[in-house]
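What follows is a single structure, written as structure tokens, with notes after it.
We did not get these values from a lab; they are worked out from the coordinates using the rules stated. In this text the structure is predicted, and so the values were computed from the model without any measurement. Every residue, glycine as well, gets a Cβ built from its backbone with ideal geometry; the counts of neighbours run over all protein chains shown.
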Amino acid sequence: MDLLDVTLREGDQMPGRSYDADQKIDAGLVLDDLGLSYLQVGFPATGEKDREVIRTLAPKTNADIVGIARAVERDVELALEADADVVEVFGPLSDLQLEHAIGVSRSEMFDRFERVLDLLNDHGVTAHVTLVDAFRTQPKHVIDAATRLDADMVTLADTVGVATPSSTTEYLDSVNEHIDPSRLGVHLHDDLGVATANACVAYEAGVGKADVSVASLGERAGNPALEELVAIGDLEYDEPFEVDAERLLPVCRSVLSTLEEDVHDRKALLGTEVMEHESGIHTAVMLEEPAVFEPFNPARFGGDRRLLFGAGTGAGGAKGILQRAGIEPTDERVGTLLAEFETRGPLETHEAVSLAKGTFDA
Ligand SMILES: CC(=O)SCCNC(=O)CCNC(=O)[C@H](O)C(C)(C)COP(=O)(O)OP(=O)(O)OC[C@H]1O[C@@H](n2cnc3c(N)ncnc32)[C@H](O)[C@@H]1OP(=O)(O)O
Ligand SMILES: O=C(O)CCC(=O)C(=O)O
């Protein structure tokens, strides 16, 4: 499965955001270090900023630079002028969206797709199609689109984030009987908190591409988190994503800092607290064997484990620290050190060792 990062397009469309061109270019170059297949960095019809970003990044990145366009000739011309490597034309086939978002019949929407795809194919530019609201579209229309439309990749979007792992499985099963899944992509949203899980389901169904974003940046609850999907692939899949997993967290953090975005301290993988441990039962064991209470070695993704010693530390942890300090762990010393931890903690391991040495004059 290829990964397409949408951080710089989806993130930019979040309320109150407007990343400037330099931020998008810098973040795009950093993201490219991960080795992703595609970076979707802008929507050329929205203005010169996104066109400049695409024009600057396309010759410099290993990833293919993707610009999105409505099924409208002018949007596609602007994407061509920006020299995007891939132009991704999006549009709906669901009843609800055809009636209210576009105001045309399904057959007119097909004609619009065909017209702009002809334009792209005449220019020899790689064309992708994204079917907006696909998961609320009858499968027969999606199958029809994937069969009729001359695009390298057809992405099914869960635009409003209503899919769950079981409905995603069911939907993909119903279309996969008729379409080679390696030509399908998924663009998912996290409104129900299961976007990454849905992307895993798509992987298992043989889908060829998933859209992801750093820290889930994107419309409303965002998209499957790049860092989560890459970590899951690295830990679990026989064919992990072709991404430099050891650079994963530093690259994501650098992108967030460039875009001036924050994540919650408890956010999976990226939060500052999620690789910290203070509970006594855990730290006592982890001083000797961290794997007992952690899912993976954080260094595998460029992260750091932090063992903390404070009010939650038990006798086992205090004993372990005394041993590290080269001090005989008598019951009395353990009791004294626990009292010190309670007043001075939380302390990092090296600070706890120094405290033990200072307290017992070692
Ligand atoms: C599902 C998604 O997330 S798609 C990405 C959403 N991103 C954005 O909206 C980015 C910010 N948007 C913008 O800057 C502006 O909305 C623009 C430049 C894209 C378009 O601006 P405008 O042309 O003024 O139109 P507006 O914003 O009202 O969009 C509605 C028009 O787009 C048309 N449209 C919407 N989606 C599509 C589509 N996929 N294919 C063809 N036409 C479409 C509508 O039918 C409507 O056309 P009409 O003006 O002829 O009635
Ligand atoms: O991915 C695209 O090309 C635009 C469509 C989109 O973002 C969505 O349907 O959620």
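Pop a pseudo-label 7 angstrom from the Cα along the beta-carbon direction at both residue 235 and residue 293 and give the gap in nm to one decimal.
For residue 235 paired with residue 293, the spin-label model returns 1.7 nm.
Rounded to the nearest 10 degrees, what's the angle between the helix 21-32 long axis and the longest principal axis of the chain, both from Cα atoms, 0 to 90?
70 degrees
Please report the relative contact order for the chain, taking Cα pairs under 8 Å with a sequence separation of at least 6, and give it as a percent rounded to a whole number.
13 percent
Less than 30 Å apart at the alpha-carbon level, and either on another chain or at least 8 residues along: which lysines does that give for residue 140?
Reachable lysines: 209.
Once phi is turned into θ = phi - 60°, what whole-Hz ³J(HN,Hα) does the Karplus curve with 6.51, -1.76 and 1.60 give for every residue of region 124-137, x standing for Gly and Pro?
x, 9, 4, 10, 10, 10, 10, 8, 5, 6, 4, 6, 10, 10
Helix-only mean residue ellipticity at 222 nm, the chain, DSSP H runs n ≥ 4 weighted -39,500 (n - 2.57), per residue, nearest 500. What is it?
-12000 deg cm²/dmol
Evaluate the distance, in nm, between pseudo-label points positioned 7 Å from the Cα of residue 330 and of residue 351 along their respective Cα→Cβ axes.
Result for the modelled spin labels: 2.8 nm.
Rank the residues 24, 140 as a footprinting-exposure proxy: fewest other Cβ atoms within 10 Å of their Cβ go first.
So the ranking, lowest neighbour count to highest, is 140, 24.
Give the order of 213, 94, 174 when sorted by the count of other beta carbons within 10 angstrom, beginning with the fewest.
In order of increasing Cβ crowding within 10 Å: 174, 94, 213.
Rounded if a/c is under 1.5, else prolate if a/b beats b/c, else oblate: with a ≥ b ≥ c from the C-alpha gyration tensor eigenvalues square-rooted, which is region 1-95?
Because its axes are fairly even, with a/c under 1.5, region 1-95 counts as rounded.
May I ask you to order 244-256, 184-196 by the average number of other C-beta atoms within 10 Å around their residues, highest value first? Spell out each step's value before the answer.
On the way: 244-256: 19.5, 184-196: 23.0.
Most protected by this proxy first, the peptides run 184-196, 244-256.
Quick check: from the Cα gyration tensor, does region 2-258 come out rounded (a/c under 1.5), prolate or oblate? Let's see the in-between values first.
Numbers: a/c = 1.57, a/b = 1.11, b/c = 1.41.
Cα axes put region 2-258 in the oblate bin.
Rg/Rh for region 218-338 to two decimals, with Rh computed the Kirkwood way over all alpha-carbon pairs.
1.09
Region 11-26 to region 54-109: how many Å between their Cα centroids?
19 Å
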